[in-house]
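Engineer: Provided herewith is a single structure, encoded as structure tokens, for subsequent inquiry.
The values are calculated or read from the model by the stated rules, or taken from the named source; none is laboratory data. Bear in mind that the values here come from a model prediction, so they are computed numbers and not experimental data. Here the Cβ is made from the backbone with ideal geometry for all residues, glycine too, and neighbour counts use every protein chain on show. Heads up: the accessible areas ignore ligands, DNA and RNA and are worked out on the full protein's heavy atoms, side chains in. Shrake-Rupley method; radii C 1.70, N 1.55, O 1.52, S 1.80 Å.
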Amino acid sequence: MTTHETTRPAAGTNRESAEPEMARKFLDSFLHEFPSPLGPEDPLPVSHTTKMLSSAEVEGEVIEMALKLLGSRNAPLPLAAAITRVAVEEVLQAELAGFTVKLTTEEQENTATLLDAEPLQRFFFNELRQACHRWREQPRPILMPAHPHMLISAHAIRNTRRKMEDRHVAIPEFNQLFGIKDGEDRAYFAVFDGHGGVDAANYTATHLHVNLAHHADFLKNPGKALQESFQCTDAMFLQKAKREKLRSGTTGVSAVIVGDMLHVAWLGDSQVMLVRHGEAVTLMDPHKPDREDERERIEELGGCVAYMGCWRVNGTLAVSRAIGDIDHKPYVSGDADSASFKLVGSEDYLLLACDGFFDAVQSCDVPALVLEHLKASEGDGHGAAERLVAAAKHGGSSDNITVLLVFLRDPSQILADSLRPSQASDSEKRASNGLFTFFT
């Protein structure tokens, strides 16, 4: 079972004074633990499973390593993102030819140049350590996001399945992590539900946000960039699957908040929903084989949809779109759908979850479950995702269950609003609902 809970300090002088002290304590502790660079034979401080990397995979893999390492040592989120960016830039500007893997003539004909992952990650760790040392000696200002009350609660369980194949990602410090300084606040969230193994889910959780950040249209059209980043990640993973004989796939749902805009994109049956004024708002329609348009697309390509306990593509897969699934392309499409919405400030929270949750809990029941938790915890949003996961398990789900809950308002204020004797009238709610606009 994996869990993740994080929140921002509240805005104000206490927050501003606390950040430098927290950063100093972390840096002192980290450099005490790692007083010198790693040597060629020294083990990496975090486990890794990838043996070879293409040049396009380097940034995602080293970012994943850094955030895992720093997060396990409770680094302040803004500091972790900023230091990671510094170390990543050093690696990307370095000459990496010395890490090239020697391939046979046949391998060279079938694949691009590959890099040896372990020594490359060791090199990156030393750059990360050096960045920490420089930061301690000469602290730099850290750009703080504009969402002082954004609290992120996530909870995931293997449940009765033999393996845990879900992954979730929360990057509220998106600008710091990718060095974006245009003054527009950004945050990224995603849930991936793997099948046939965890490789596709791991890969997508590592690389999708990197592809998003580097998409040519990201700054001017983030919705389009998010949608096309799914396609790019699918193409990258299929290359890895081909060279490493991987057969897994993953559904996925992702959301990026840019200022007052919410952009979502998805493949398969993982879902995202919004709660506003205590009411559930549907943002998407999952990709399932029995959807009429999905069935028609599959049949036009020469495939079929058959009922085998549930509707399945070619009698095998219960989802019609996913990253990976190399043996089921093109019937199982890697093309994501997307939608964009304007946020007006009355939204309570965003929820992303896999089908292990939504198969057991209806969207309309989510607000009552979260409110039940807030009442029991006196307005503390921590543990809200755990309460939702417990409801799905109690509701009969035997699948992996992952819930990622992003509070867009202070949870204590959400609770207080629910307890007020005079609630907003239906006409006032409808007027507010009218401001929540769908953009294509």
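Engineer: All but one of (1) small (Gly, Ala, Ser); (2) in contact with a Ser or Thr (Cβ under 7 Å, 6 or more places away or on another chain); (3) surrounded by fewer than 17 Cβ atoms within 10 Å (Cβ to Cβ) hold for Ala385; which doesn't?
Structural biologist: Result: Ala385 fails condition (3) only.
Engineer: List pairs: first residue in segment 241-270 and closer than 26 Å to Glu184 by Cα and of a type in the set (Phe, Trp, Tyr), second residue assigned to a strand (DSSP E or B) and at pLDDT 95 or above anywhere in the structure, Cβ distance under 7 angstrom, at least six positions apart or on different chains.
Structural biologist: Pairs that qualify, where the first residue is closer than 26 Å to Glu184 by Cα and of a type in the set (Phe, Trp, Tyr) and the partner is assigned to a strand (DSSP E or B) and at pLDDT 95 or above, are Trp266/Gly252; Trp266/Val253; Trp266/Val272; Trp266/Asp337.
Engineer: Which condition from (1) surrounded by fewer than 21 Cβ atoms within 10 Å (Cβ to Cβ); (2) closer than 23 Å to Asn400 by Cα is the one that Gly278 breaks?
Structural biologist: Against the list (1) surrounded by fewer than 21 Cβ atoms within 10 Å (Cβ to Cβ); (2) closer than 23 Å to Asn400 by Cα, Gly278 comes up short only on (2).
Engineer: Which condition number in (1) at pLDDT below 95; (2) under 27 Å from the mean Cα position of the chain (by Cα); (3) of a type outside the set (D, E, K, R) is the one that Leu103 fails?
Structural biologist: Going through (1) at pLDDT below 95; (2) under 27 Å from the mean Cα position of the chain (by Cα); (3) of a type outside the set (D, E, K, R) one by one, Leu103 breaks only (2).
Engineer: Consider Asp217 carefully, then state whether it is acidic (Asp, Glu), open to solvent by less than 20 Å² (accessible area, probe 1.4 Å) and either without any contact (Cβ under 8 Å) to a residue 40 or more places away in the chain or assigned to a helix (DSSP H, G or I) (or both). Full working, then the answer.
Structural biologist: Numbers: acidic (Asp, Glu): yes; open to solvent by less than 20 Å² (accessible area, probe 1.4 Å): no; either without any contact (Cβ under 8 Å) to a residue 40 or more places away in the chain or assigned to a helix (DSSP H, G or I) (or both): yes.
For Asp217, the condition - acidic (Asp, Glu), open to solvent by less than 20 Å² (accessible area, probe 1.4 Å) and either without any contact (Cβ under 8 Å) to a residue 40 or more places away in the chain or assigned to a helix (DSSP H, G or I) (or both) - is not met.
Engineer: To continue, here is another question. Could you tell me whether segment 409-419 includes any residue that is assigned to a loop (DSSP other than H, G, I, E, B), open to solvent by 60 Å² or more (accessible area, probe 1.4 Å) and modelled with pLDDT under 95? First the steps, then the outcome.
Structural biologist: Initial filter on segment 409-419 (assigned to a loop (DSSP other than H, G, I, E, B)): 409-410.
The next check asks that each one be open to solvent by 60 Å² or more (accessible area, probe 1.4 Å); those that pass are none.
The answer is no; no qualifying residue exists.
Engineer: Has segment 5-20 got at least one residue that is open to solvent by 60 Å² or more (accessible area, probe 1.4 Å) and modelled with pLDDT of 90 or more?
Structural biologist: Checked segment 5-20: no residue is open to solvent by 60 Å² or more (accessible area, probe 1.4 Å) and modelled with pLDDT of 90 or more.
Engineer: Let me ask another. Only one of Ser346, Ser377 is in contact (Cβ under 8 Å) with a residue 12 or more places away in the chain and of a type outside the set (A, V, I, L, M, F, W, C); which?
Structural biologist: On the way: Ser377 fails: in contact (Cβ under 8 Å) with a residue 12 or more places away in the chain.
On inspection, the qualifying residue turns out to be Ser346.
Engineer: So if I check each of Val198, Val169, Val210, which one is under 18 Å from Val88 (Cα atoms), among the β-branched types (Val, Ile, Thr) and at pLDDT 95 or above? Spell out the reasoning first.
Structural biologist: On the way: Val198 fails: under 18 Å from Val88 (Cα atoms); Val169 fails: under 18 Å from Val88 (Cα atoms).
On inspection, the qualifying residue turns out to be Val210.
Engineer: Could you tell me which of the residues Asp269, Asp285, Asp293 is of a type outside the set (Lys, Arg), open to solvent by 10 Å² or more (accessible area, probe 1.4 Å), outside any strand (DSSP E or B) and in contact with a strand residue (DSSP E or B) (Cβ under 6 Å, 6 or more places away or on another chain)? Don't jump to the end; show me each part of the working.
Structural biologist: On the way: Asp285 fails: in contact with a strand residue (DSSP E or B) (Cβ under 6 Å, 6 or more places away or on another chain); Asp293 fails: in contact with a strand residue (DSSP E or B) (Cβ under 6 Å, 6 or more places away or on another chain).
Residue meeting the stated conditions: Asp269.
Engineer: Right, something else. Taking segment 296-342 as the region of interest, how many residues are assigned to a loop (DSSP other than H, G, I, E, B) and either buried (at least 21 other Cβ atoms within 10 Å of the Cβ) or among the hydrophobic types (A, V, I, L, M, F, W, C) (or both)? Let's see the steps before the verdict.
Structural biologist: So in segment 296-342, the residues assigned to a loop (DSSP other than H, G, I, E, B) come out as 301-304, 308-310, 314-316, 318-320, 322, 325, 329-332, 334-336.
Checking the rest, the ones that are also either buried (at least 21 other Cβ atoms within 10 Å of the Cβ) or among the hydrophobic types (A, V, I, L, M, F, W, C) (or both) come to 301, 304, 308, 310, 318-320, 322, 325, 331-332, 334, 336.
Summing the residues that are assigned to a loop (DSSP other than H, G, I, E, B) and either buried (at least 21 other Cβ atoms within 10 Å of the Cβ) or among the hydrophobic types (A, V, I, L, M, F, W, C) (or both) in segment 296-342 gives 13.
Engineer: Can you tell me which of (1) of a type in the set (S, T, N, Q); (2) under 25 Å from Ala336 (Cβ atoms); (3) at pLDDT below 95 is the one Thr402 doesn't meet?
Structural biologist: Tallying (1) of a type in the set (S, T, N, Q); (2) under 25 Å from Ala336 (Cβ atoms); (3) at pLDDT below 95, Thr402 fails exactly one: (3).
Engineer: Can you name the strands (runs of 3 or more DSSP E) wholly within segment 143-213 that have at least 1 residues being under 19 Å from Glu228 (Cα atoms) and open to solvent by less than 20 Å² (accessible area, probe 1.4 Å)?
Structural biologist: 166-171, 186-195
Engineer: Something else about it: I'd like to check something: does segment 59-76 contain any residue that is modelled with pLDDT of 90 or more and touching a Cys at 6+ places or on another chain (Cβ under 8 Å)? Spell out the reasoning first.
Structural biologist: Pass one, segment 59-76, residues modelled with pLDDT of 90 or more: 59-76.
Now restrict to residues that are touching a Cys at 6+ places or on another chain (Cβ under 8 Å): none.
No: segment 59-76 contains no residue that is modelled with pLDDT of 90 or more and touching a Cys at 6+ places or on another chain (Cβ under 8 Å).
Engineer: Report, by residue number, each residue of segment 353-382 that is within 19 Å of Leu274 (Cβ to Cβ), open to solvent by less than 70 Å² (accessible area, probe 1.4 Å) and touching a strand residue (DSSP E or B) at 6+ places or on another chain (Cβ under 8 Å).
Structural biologist: Ala353, Cys354, Asp355, Phe357, Phe358, Ser363, Val366, Pro367, Val370, Gly381
Engineer: Another one. Pick from segment 380-408 the residues that are free of Cβ contacts under 8 Å to residues at least 60 places away in the same chain and assigned to a loop (DSSP other than H, G, I, E, B): which of them is farthest from Ser363 (Cα to Cα)? Break it down into steps so the answer makes sense when it comes.
Structural biologist: If we filter segment 380-408 for residues that are free of Cβ contacts under 8 Å to residues at least 60 places away in the same chain, which is where we start, we get 380, 387, 390-392, 394-396.
Narrowing the set further to residues that are assigned to a loop (DSSP other than H, G, I, E, B) leaves 380, 395-396.
Details: Asp380: 22, Gly395: 13, Gly396: 16 Å.
My answer is Asp380.
Per-residue answers, yes or no, for (1) more than 21 Å from the chain's Cα centre (by Cα); (2) assigned to a loop (DSSP other than H, G, I, E, B):
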{"position": "Val58", "(1), (2)": "no, no"}
{"position": "Val62", "(1), (2)": "no, no"}
{"position": "Glu95", "(1), (2)": "yes, yes"}
{"position": "Asn126", "(1), (2)": "yes, no"}
{"position": "Arg129", "(1), (2)": "yes, no"}
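Engineer: Which condition breaks for Val62 when tested against (1) surrounded by 13 or more Cβ atoms within 10 Å (Cβ to Cβ); (2) of a type in the set (Val, Ile, Thr); (3) farther than 21 Å from His214 by Cα?
Structural biologist: It fails just one condition, (3).
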